[in-house]
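Enquirer: One structure is given below, represented as structure tokens, and several questions about it will come after.
Coordinate-derived values only; no laboratory data. Keep in mind it's a predicted model, so treat the numbers as computed, not measured. Cβ coordinates were reconstructed from backbone atoms using ideal geometry, including for glycine residues, and neighbour counts include every protein chain displayed.
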């Protein structure tokens with residue numbers, strides 16, 4: 001299993017541009033997440049999904065959009081990029097049943113700079 | 001709102017020393033707590049997950065404990081090695097959050113040869 005994969009690894013955007021960060025998992029996990037990590041800080045949740053077709057906002061959703069058309073893929077869309085979105089973005093997945101919560105597995109991250 | 005604090009923010013120790021990293025959280029209603037390791041420029045690697053009903057988990061030289069009632073967890077690293085140098089993050093999974101982790105800011109550990 002490749003686990004959780006993310007593309008691209010690095011990207012530089014100009015202010016106002018848009019892009020999509022890709023995330024794929026091959027573990028048949030039902031839950032998927034997008035986090036951002038600013039320098040010297042912990043991770044903050046942007047959006048998450050409990051299954052195909054279902055998404056919900058996390059702590060810092062403004063400026064982002066997501067979709068989940070398949071179990072495997074959970075792309076994150078940045079519209080009108082701003083310098084405040086310069087960060088490292090991590091995708092994660094987990095397998096949850098009922099109200100039990102299990103280990104989250106993380107991708108390697110995408111380092112985004114907006115100038 | 002759940003808040004997670006890790007102390008110290010940075011720690012430097014000589015090789016071979018046993019050490020403890022601390023994590024505290026404000027709301028004891030959690031499903032589990034997870035400890036991660038993050039190497040510079042890399043993603044997160046899960047080290048240990050402790051369910052709320054458990055008191056501790058062990059993996060090799062690592063031992064994590066959980067005291068849910070007092071809102072505390074510790075990560076004990078025995079016989080530290082230079083390869084243990086990394087940032088260690090703890091994250092709690094609050095019962096009210098639907099598996100959305102709340103992270104601490106991490107402890108940056110340096111083990112000197």
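Enquirer: I'd like the distance between the alpha-carbon centres of region A:25-39 and region A:69-115, rounded to an integer number of Å.
Expert: 5 Å
Enquirer: Sort A:49-61, A:31-43 by packing, meaning the average of other beta carbons within 10 Å per residue, with the highest value first. Intermediate results must be reported in sequence, preceding the final value.
Expert: Numbers: A:49-61: 15.2, A:31-43: 20.5.
Taking the mean over residues of other Cβ atoms within 10 Å, the ranking is A:31-43, A:49-61.
Enquirer: OK, next. Please sort A:107-113, B:59-65 by packing, taking for each peptide the average over its residues of neighbouring beta carbons within 10 angstrom, highest first.
Expert: A:107-113, B:59-65
Enquirer: Ignore the peptide's own chain and count Cβ atoms of other chains within 10 Å of each Cβ in A:29-42; give me the average, rounded.
Expert: Taking the mean over all residues of the peptide, I get 3.
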